[in-house]
Amino acid sequence: MRTPTVTDALLARRLIRDVLPPTPLWSYAALDRGPAAALFVKHENTQPTGAFKVRGGLALLASMTAGERARGIVGYSTGNHAQSLAYAAARHGAPCTIVMPERPNPGKARAVTALGAELIQHGATFDEARPYAGRLAAERGARLVSAADEPEIVAGVATAYLELFEQAPDLDTVIVPVGGGSGAAAASLVAAAVAPACRVVAVQSAASPAAYESWRAGRLVERPNRTRVEGLATGTGFTLPQALMRAGLADFLLVDDDAIALAQRSLMRDAHTLAEGAGAAALAALHAHPDAFAGQRVAVVCTGGNAQEAEIARAIA
């Protein structure tokens, strides 16, 4: 598998810049910055699909040949990766099939079908949906698109961090949530090239720690996948993100789901921002691990805002 470079990220930016304008980076006086000297929020929740992953989907589809696009793509996802692929496929006129676990987030499922993609529900978890998607792609002659092991997707996601370091070139730390790990991998790639003094810190739910433990072990491992935070719900590490994270992460932290819900509430109340659980995880890490960020200029990436009603109610309560 090819490892993407910052040159690939620059090419991806050229491919998608006419579709996606830069997302905002804001600081909020009312938002508890904990021990940090300054705190900024990168608003990837303002993307047209509500999450950062749209960058990767657009970069991937733009890089495919017309023949490849005509054969279509098959993806597997709990939601945001699915919307990314469906959105990009619609723009490029490519057939798209998405396999989601049974009983998916209704809002994310509706968004996928509204974009014209075929939605198939299979299995109880992300890790059960994945092999079924592989069999389906083989049967149809379509391209199976991994949730994270795709160089073009990582390069597309990396455009968010090219923006971030242009918007705030003097950051000490950027905190990035991890499910599959494409975001933290992309941040590591870009920081090493354009902001080597900035630490990249990853965060995952303690209830689904496969990426964290894969990074600690230096090899892919499987772990129980029990988090209620959809965007962080993976039960195994991914090869490409892990390689980039091992090369570039300064640290990898765990937070519990209740801390994430509190961070969601804080973003709603103090930053006027709707964040899904994964989108609030970076702020949760700042509050849960204060010693790691004392006196620093910190950016937290609000990776998505696709929260369903029950999740919002739980955060408010």
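Descriptive notes on the structure:
- Percent accessible area from carbon and sulfur atoms, the chain, protein chains only, probe 1.4 Å: 51
- For the chain, the share of DSSP beta bridges that are antiparallel, to the nearest 5, is 10%.
- Under a 5 Å amide H cut-off, with hydrogens placed 1.01 Å from N, Glu276 pairs with Gly304, Gly305, Asn306, Ala307 among residues at least 5 apart or on other chains.
- Each residue of region 268-277 is assigned a 3J(HN,Hα), and the resulting list reads 5, 6, 9, 10, 6, 10, 8, 10, 6, x Hz, derived from the Karplus form 6.51 cos²θ - 1.76 cosθ + 1.60 (θ = phi - 60°), x at Gly and Pro.
- Largest mean-square fluctuation among Glu150, Glu276, Glu68, in a Gaussian network model of the chain whose springs join Cα atoms under 10 Å apart, belongs to Glu68.
- Across region 117-252, the mean sequence separation of Cα contacts (distance under 8 Å, 6 or more residues apart), normalised by length, yields a relative contact order of 24 percent.
- Inter-part distance where region 179-254 and region 52-80 are each reduced to a Cα centre, Å: 22
- Here region 1-119 carries DSSP beta bridges of which approximately 25% are antiparallel, counting only pairs with both residues inside.
- Per residue solvent-accessible surface (Å²) - region 228-296, probe of 1.4 Å: 34
- For region 38-44, 3J(HN,Hα) per residue [Karplus equation, 6.51 cos²θ - 1.76 cosθ + 1.60, θ = phi - 60°, Hz, x = Gly/Pro]: 8, 9, 10, 10, 8, 8, 6
- The chain: relative contact order as a whole-number percent, Cα under 8 Å and 6+ apart: 22
- For the peptides 280-287, 44-51, 178-185, 222-229, the ranking by mean Cβ contacts within 10 Å, running from highest to lowest, is 178-185, 280-287, 44-51, 222-229.
- Karplus (6.51, -1.76, 1.60) ³J(HN,Hα), θ = phi - 60°, over region 21-34, in Hz, Gly and Pro reported as x: x, x, 8, x, 10, 10, 10, 10, 4, 7, 7, 5, 8, x
- Over the chain, dividing the summed -39,500 (n - 2.57) contributions of all DSSP H runs of at least 4 residues by the number of residues returns a 222 nm mean residue ellipticity of -14000 deg cm²/dmol.
- Between Ala117, Ala233, Ala38, the residue with the greatest mean-square fluctuation in the GNM of the chain (Cα pairs under 10 Å linked by springs) is Ala38.
- Of Gly34, Gly116, Gly218, the residue with the greatest mean-square motion in the GNM of the chain, using alpha carbon springs below 10 Å, is Gly218.
- Heavy-atom accessible surface of region 133-211, averaged per residue, reaches 26 Å², computed with a 1.4 Å probe.
- In this structure, the amide hydrogen of Leu39, modeled 1.01 Å from its nitrogen in the peptide plane, lies closer than 5 angstrom to those of Val298, counting only residues at least 5 positions away or on a different chain.
- Net charge of the neighbourhood of Thr65, taken over other residues with C-beta under 15 Å away and scored Lys/Arg +1, Asp/Glu -1, is +1.
- Extreme residue, positive dipole direction of the chain, given options Gly304, Ala94, Ser205 (C-beta unit charges): Ala94
- Among the listed values (1) 124; (2) 112; (3) 133, the one computed from these coordinates for volume of the Cα convex hull per residue in Å³ is (2).
The values are calculated or read from the model by the stated rules, or taken from the named source; none is laboratory data. Quantities reported herein were computed from a predicted structural model and do not represent experimental measurements. Note that we place each Cβ from the backbone using ideal geometry, even for glycine, and neighbour counts take in every protein chain shown. All accessible areas refer to the heavy atoms of the entire protein, side chains included, with ligands and DNA or RNA removed. Shrake-Rupley method; radii C 1.70, N 1.55, O 1.52, S 1.80 Å.
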